[in-house]
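Single-structure report; data block below.
Each reported figure results from applying straightforward, stated rules to the coordinates on display, with no laboratory input. Because the structure is a prediction, the values reported are computed rather than measured. Counting neighbours? That spans all protein chains shown, and the Cβs are built from the backbone with ideal geometry, glycine included.
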Amino acid sequence: MEQAQAIAETGNGAAGAASAQTAAHAIHTRDLNLWYGDFQALYDINLDIKQGIITSLIGPSGCGKTTFLRSINRINERLGYVRIQGAVEVYGHDIFAPGVEIAQVRKQIGMVFQRPNPLPISIRDNVLFGFNLHGEVRRRLHRSEQDEIVEGALRQVLLWDAVKDHLDRKATELSLEEQQKLCIARLLPVKPRVLLMDEPCSALDPKGTEAVEELIWGLAGEYTILIVTHNMAQARRASDECIFMLMGKVVEHGDTADTFVTPVHKETADYIEGRYG
Ligand SMILES: Nc1ncnc2c1ncn2[C@@H]1O[C@H](COP(=O)(O)OP(=O)(O)O)[C@@H](O)[C@H]1O
Ligand SMILES: [Mg+2]
């Protein structure tokens, strides 16, 4: 309970500011191993992911990128046959500690998926949905307070100007690019500290990809962003640090520019040059 409380506190107020300064890394994993039944998908993952920057996660299909991402906000555990060993700390708090509430973990860590998944309700209600769900404020918000939240979040994802005159339109009628922006926008009112993005541009055309990348860049600093991508150009353009995975293991983690110009491992060079994957 104390742990859950501590996690809750890091999201808000003075306690959060103090711990953000002392925790050098947003995400720290120690000997993280994961099995789907008998199949081991992650092997001894030891990573320190810096706060406030964009880290990209690259590697061939099936190497465990999605599995790793989903371990950080404890989505994998929904599957009864998943077994996890090792530790994951988010801003200094062990997310697997006894008494930690998953809802608190999820509040800290927002996730964006490959296909945009807005709810079939209005644009406005999509933005307010997570906020209402997490019950941050016990009383019912005034309409003007809600308006402020909706406008703030939509502005942050560069969607406000396009949708401000039809906020009651169904979100599922938006273009895919707009839907994905909205899916990012609806995470923000909950005030997460980490955003996990699993190939967020894979369903978008080049123009949409560029627009969403631009928005992701704008969010770095305020949020720690961990983004999976298949697109080497995107990884290179859009991230500060880069992690290369292969068959459930981390091969290399470093500055993106260095990793692309002078990779330490041959496997990384082979992947970047498109020899497999
Ligand atoms: N729900 C699941 N049940 C069983 N095996 C899975 C499941 N999800 C992923 N796997 C397996 O785990 C490995 C890693 O998958 P994944 O994390 O999706 O890789 P990536 O995102 O890098 O493509 C793959 O071999 C995949 O088949
Ligand atoms: Mg994947």
Sequence-distant or interchain residues sharing an amide H contact under 5 Å with Ala26, placed H: which? Ile49, Lys50, Gln51
About its Cα centre, the chain carries a charge dipole, from +1 on Lys and Arg Cβ atoms and -1 on Asp and Glu Cβ atoms, whose size in debye to the nearest 20 is 660
Cα-Cα over 30 Å, subset of Lys65/Lys164; Lys170/Lys207; Lys50/Lys249; Lys50/Lys164: Lys65/Lys164; Lys50/Lys164
Value of Rg/Rh across the stretch 18-99 [Cα atoms, Kirkwood radius]: 0.98
Proxy exposure order for Arg140, Arg186 (fewest C-beta within 10 Å first) is Arg140, Arg186
Would you be so kind as to identify which of Asn46, Leu133, Ala238 lies farthest towards the positive end of the dipole of the chain, taking Lys and Arg as +1 and Asp and Glu as -1 on Cβ and the Cα centre as origin? Leu133
Dipole in debye (nearest 20) - the stretch 38-167, about Cα centre, beta carbon charges: Lys, Arg +1; Asp, Glu -1: 240
Which lysines have a Cα less than 17 Å from the Cα of Lys107, not counting those fewer than 8 places away in the same chain? Lys191
Listing Val127, Val250, Val150 by rising number of other beta-carbon atoms within 10 angstrom, fewest first, gives Val250, Val150, Val127
Residues Ser71, Ser61 in order from fewest to most other beta-carbon atoms within 10 Å are Ser61, Ser71
Compactness of the stretch 149-277 as Cα Rg over 2.2 N^0.38 Å, two decimals: 1.19
Given C-alpha coordinates of the stretch 49-192, what is the ratio Rg to Rh with the Kirkwood estimate of Rh? 1.00
Run the numbers on the stretch 2-272 and let me know its relative contact order in percent, using alpha-carbon pairs under 8 Å that are six or more apart. 26
Over the chain, with a Gaussian network built from C-alpha contacts below 10 Å, which listed residue (Ile95, Ile54, Ile75) shows the highest mean-square fluctuation? Ile75
Leading residue at positive end of dipole, the stretch 98-235 (Cβ point charges), from Gln156, Ala185, Ser144: Ser144
Residues with amide H under 5 Å from that of Glu101, placed H, sequence gap 5 or more: Ala4
Residue-wise HN-Hα coupling along the stretch 116-128, computed from phi with Karplus coefficients 6.51, -1.76, 1.60 (Hz; x: Gly, Pro): x, 10, x, 7, x, 10, 5, 4, 4, 5, 4, 5, 7
Neighbour net charge for Ala24 - beta-carbon separation under 10 angstrom, K R +1, D E -1: 0
How big is the chain along each principal axis, measuring the range of its Cα positions in Å and listing the largest first? 56, 46, 36
